[in-house]
Amino acid sequence: MNLNEIIRNRRATPPKFLAKKEVDKELILNLLENANWAPTHKNTEPWRFIVFQGESKQKLAQSIFALLEEKHTQGEEVNMQKAIRFRDNLIHVPVAMAIVLQRDAAERIPEWEEIAAVSMAVQNMWLSATDSGLGAFWATPPFLPHIQPLLNLKPGQKLLGFFFVGHVAMDYPSPGRGPVFEKIQWK
Ligand SMILES: Cc1cc2nc3c(=O)[nH]c(=O)nc-3n(C[C@H](O)[C@H](O)[C@H](O)COP(=O)(O)O)c2cc1C
C-alpha cells in the first residue's frame, strides 16, 4: 500500500473484530518505534505506553472490573454494562497498551499540545498497524479516571485510554467521511 492507501484504509477495528491470536513482539516494537517519531513541541516526547499481554492483561482486566464494581456498590456513577464490555474486550484482545501522557516537569507546553503530540504518536502506530495487516482501536471508556490509580503512574502522567492491537479477524466497515471541501475555506 502507498501512503494514501494506508491512511484511507486505516480503521478503528472493534475488539471483537480482532483475532484471538498473539502478535509478534517485533511487530509491536515497530509500532512503538514509529510512535516515538511523532512531532513534539520543545522535544518533550510526552508519549508513554504500558504494554499488557497474556497474564498481565488478564490481571488488569480483573482488577479494573473489581474496582469498578466496588465504586458502583459504593454509589458512584459507573455504567456496569460498559464495565463488563471493557473487561471482556481486555480479555479478548491480544495486546492492550495504556496510552499515557507525560507532562514535562516545568509544564512548559500547554496540555493540549502535549495531548496533540501523543495523539500523533498513536496515529503513527495506527497507520503502521494498517501497513502490517494489524487492526487497532483507541478505547476511551468514561471510567478512565477510576482506572488511572491502578496503573501506578508517575508524577505528571495521565491516562488517555487504551490502544488495542491484534490481527484483523473480520474487516469492519468504514463509517466514511463527509466531503473534505465542507471543511476547508480557501482564501
Ligand atoms: C481519541 C479517540 C478516542 C476514541 N475512543 C473510542 C471509544 O472509546 N469507543 C469507540 O467505539 N471508538 C473510539 N474511537 C474510534 C472512533 O470511533 C473511530 O475512529 C471513528 O468511528 C471513525 O472510524 P474509523 O477510524 O474506522 O474511520 C476513538 C477515536 C479517537 C481518535
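Quick note: the coordinates plus some simple rules give every number you see, no bench work behind them. Remember, predicted model here, so these are calculated numbers, not experimental data. A quick note on method: Cβ atoms are made from the backbone with ideal geometry, for glycine too, and the neighbour counts reach across all protein chains shown.
Which of the residues belonging to segment 12-47 are buried (at least 19 other Cβ atoms within 10 Å of the Cβ) and under 18 Å from the mean Cα position of the chain (by Cα)? Hits for segment 12-47 are Thr13, Pro15, Leu18, Val23, Ile28, Leu31, Ala35, Ala38, Pro46, Trp47. Scanning segment 2-30 for residues that are within 16 Å of the ligand (Cβ to nearest atom) and touching a residue at least 12 places away in the same chain (Cβ under 8 Å) gives Ile6, Ile7, Asn9, Arg10, Arg11, Ala12, Thr13, Pro14, Pro15, Lys16, Phe17, Leu18.
Checking each residue in segment 107-123 for being within 12 Å of the chain's Cα centre (by Cα) and surrounded by fewer than 21 Cβ atoms within 10 Å (Cβ to Cβ) picks out Ser119, Met120, Gln123.
Of note, Asp104 satisfies the criterion of being surrounded by fewer than 19 Cβ atoms within 10 Å (Cβ to Cβ), in contact with a Ser or Thr (Cβ under 7 Å, 6 or more places away or on another chain) and on the phi < 0 side of the Ramachandran plot. Scanning segment 151-187 for residues that are part of a helix (DSSP H, G or I) and closer than 27 Å to Asn30 by Cα returns a single hit, Leu151. Step by step: first the residues of segment 7-40, then only those that are touching a Ser or Thr at 6+ places or on another chain (Cβ under 7 Å) and in a loop (DSSP other than H, G, I, E, B), then the one that is nearest to Met125 (Cα to Cα). Which residue is that? Ranking the candidates gives Arg10 first. When Lys154, Lys183 are checked against the criterion of being touching a residue at least 40 places away in the same chain (Cβ under 8 Å), surrounded by fewer than 19 Cβ atoms within 10 Å (Cβ to Cβ) and of a type in the set (Lys, Arg), a single residue qualifies: Lys154.
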